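**Q** Dropping a structure here in structure tokens format, bear with me for questions.
The values are calculated or read from the model by the stated rules, or taken from the named source; none is laboratory data. From a predicted model like this one, the values you see are computed outputs, not experimental measurements. As a convention, Cβ positions derive from the backbone with ideal geometry for all residues, glycine included, and neighbour counts pool all protein chains shown. The protein model used for the area step is the full one, side chains on, heavy atoms only, and it has no ligands, DNA or RNA in it. Shrake-Rupley method; radii C 1.70, N 1.55, O 1.52, S 1.80 Å.
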Amino acid sequence: GSANTATGYYSLNKNTTGANNVAVGTAAMNENISGSYNTSIGHYSMRNNSSSEYNTSLGAYALNNINSGGYNTAVGGNAGRYIIGGGANQSATGSTYVGYNTKSGGIGRTNEIVIGAEAEGFGSNSTVIGTTATTKAFIYGNLSANTISATTYYNLPSSIDTYVTGGT
């Protein structure tokens, strides 16, 4: 490979053709062979990556098991490391995991956004903010929704406080 930067014991250890990678931390991207354009900072972050490209991981064990797919972002210890149930998150694509121990909803998910410590994804093309323990969520500014449909996932209290300022 060429134009790689590796700092840490066993970081980018097995790289052969992967290029333009940054690996900082013990065994960061240790198993990388051909993956390129990755940034991995943290103890064992992206350790098992072999060919996945354009990933960014920051935190110990972040995206630790990823080895295919690509274009993922993980921030936090164990962020994006596992799927729900404990299996390895090996093949996510275009997904974002922010927070300690955020998990994918399953194998091979695409465009899955998971935010919050211990938050668990709902699968491809979904966004999760918080966990079942989250008791309040606040969004300031305008909120637009293309489609709103009731599902079993809604658990609304009998009274909802609504605050409107500067408009209707």
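**Q** Putting +1 on Lys and Arg Cβ atoms and -1 on Asp and Glu Cβ atoms, find which of Ala137, Thr16, Thr147 reaches farthest to the positive end of the dipole of the chain.
**A** The listed residue farthest towards the positive side: Thr16.
**Q** Counting only protein heavy atoms, what percent of the accessible surface of the range 30-90 is carbon or sulfur at a 1.4 Å probe? Display every interim value, and only then the final one.
**A** Values: 1130 of 2200 Å².
Using a 1.4 Å probe with all protein chains present, the range 30-90 comes out at 51 percent carbon and sulfur.
**Q** Ignoring ligands, DNA and RNA, how do Tyr61, Tyr97 rank by accessible area with a 1.4 Å probe, largest first? Don't jump to the answer; show the numbers that get you there.
**A** Values: Tyr61 65, Tyr97 0 Å².
In descending accessible area the options line up as Tyr61, Tyr97.
**Q** If you take every DSSP beta bridge whose two residues both sit in the chain, what share of them, in percent to the nearest 5, is antiparallel?
**A** Numbers: 1 of 29 bridges.
Of the beta bridges lying entirely in the chain, close to 5 percent run antiparallel.
**Q** Then there is this: For the range 94-142, which whole percent of the accessible surface, found with a 1.4 angstrom probe, sits on carbon and sulfur atoms? Could you put the intermediate results ahead of the total?
**A** Details: 1660 of 3020 Å².
Roughly 55 percent, rounded to a whole number.
**Q** Right, next: Assuming 1.306 mPa s and 10 °C, estimate D for the range 1-117 with Stokes-Einstein, Rh taken as the Kirkwood radius over Cα pairs, in µm²/s. Please list the in-between numbers first.
**A** Working: Rh = 12.9 Å.
Estimated diffusion coefficient is 123 µm²/s.
**Q** Calculate, for the range 34-113, the solvent-accessible area per residue in square angstrom, rolling a 1.4 angstrom probe over the heavy atoms of the protein chains. If you can, show how the numbers build up before the last one.
**A** Values: 2890 Å² over 80 residues.
Heavy-atom SASA per residue in the range 34-113 reads 36 Å².
**Q** With a cut-off of 8 Å between alpha carbons and a minimum separation of six or more residues, what is the relative contact order of the range 13-98 in percent? Before the final figure, lay out the partial values.
**A** Working: 285 pairs, mean separation 17.4, N = 86.
It comes to 20 percent, rounded to a whole number.
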